[in-house]
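Bear in mind these aren't lab numbers, they're just calculated from the coordinates by the rules spelled out. Not measured: the values here are computed from a predicted model.
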């Protein structure tokens, strides 16, 4: 139980840290990529506006048309005099409306050949793409009034630096997460250890109290029996004997719970089908006296490794619980079958629905769904706690489900 709690605490801490790490990393890189893309677009637009193709105007435009000046008459989106703009590497490809290459501006030293730039520009025009990236090239297409200009900006260095930074961020972030994992394990132990210590003391108290009370209960019982022989039938003596009997039942259940939780049971290979069928048989008469019908559906040949006495006890606890809490003239269904590598033992009865909050506490010591009954039926809220301890000692699981007016207690124990 406490190991599971530690795992949950570690999982919660690590989940929060991973989400924060991934979220922060994602926001930083997404915003950086957005800003870089926006900046690249402004620089490419500025470069395209500044570009002039003299040969085009000399050969194809009438002489009386003035030749435009590339750096006058527009509002650049980026300062052309900035160091970032001056140090950036630009490539341009001018293409006529007919698809002829008018000029390729690719000053050495360069990474891309003229053929590569020409092919890329033609593909961009064909696909009618206005702005984007291709490999390490950011591009922008502009209509210059007579020809199409595709201008590129080389981001090889920037992308390599960003990739290197991303790799180092992942490496150091991973190392930090590993360190935080060990820190969370340490914190989980610090958090759970006091609870575990308190739980151990509680179990030890139950065991010690049970042993200490066993002797006086036996003495009171023996003396009450001797006194009844001396004075005969007496109302006050009957009250003493009745309450002493109730105390004896409580002590017996406390000791039983302590043994189940603290002592590792002797395990052996068992025919669970035969064991369950044998325990169901005597409860048929008990159910009949309560006006109930006990139906059983037990699959033969189901084998498990377990303790015979404890498995009989868990069957009797659940059957007794179902019969006591069933509606009159109802039915109790008992089934045993194989399911996903487990022996599934189920007891279903018609009864009042158990709320979700109560289902989470019903297997705790001394918890009773019906708080008005204070042990007068010689049940003190320890039966289901014992059943849970038995299921846990057999590496199994017990749970309760409610549906359509039925209550089901389900126990799963690994098959051999």
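A few notes on this one:
- A Stokes-Einstein calculation at 4 °C with viscosity 1.567 mPa s, built on the Kirkwood radius of the chain over Cα pairs, returns a diffusion coefficient of 43 µm²/s.
- Relative to the longest principal axis of the Cα atoms of the chain, the long axis of helix 156-231 makes an angle of roughly 10 degrees.
- The chain: most fluctuating residue of 116, 171, 192 per GNM, C-alpha cutoff 10 Å: 116
- Candidates 289, 245, 196: whichever shows maximal mean-square fluctuation once the chain is modelled as a Gaussian network with Cα springs under 10 Å: 289
- Mean ellipticity per residue at 222 nm, deg cm²/dmol - from DSSP H runs of n ≥ 4 across the chain, formula -39500 (n - 2.57): -19500 deg cm²/dmol
- Compared with the dominant Cα axis of the chain, that is its longest principal axis, helix 2-50 is turned about 10°.
- Where only alpha carbons of the range 265-414 are counted, the Rg and the Dmax (Å): 14.7, 43
- Crossing angle, helix 308-324 versus the chain [Cα axis fit, 0-90 degrees, rounded to tens]: 90 degrees
- Each part gets one Cα centre, and for the range 181-223 versus the range 1-41 those centres are 41 Å apart.
- Scattering curve values for the range 72-164, log₁₀ I(q)/I(0), Debye with Cα scatterers, q = 0.13 Å⁻¹: -0.47
- Reciprocal of mean inverse Cα separation for the range 161-260 (Kirkwood radius, Å): 18.7 Å
- Between 246, 189, 167, the GNM of the chain built on Cα springs shorter than 10 angstrom shows 167 fluctuating the most.
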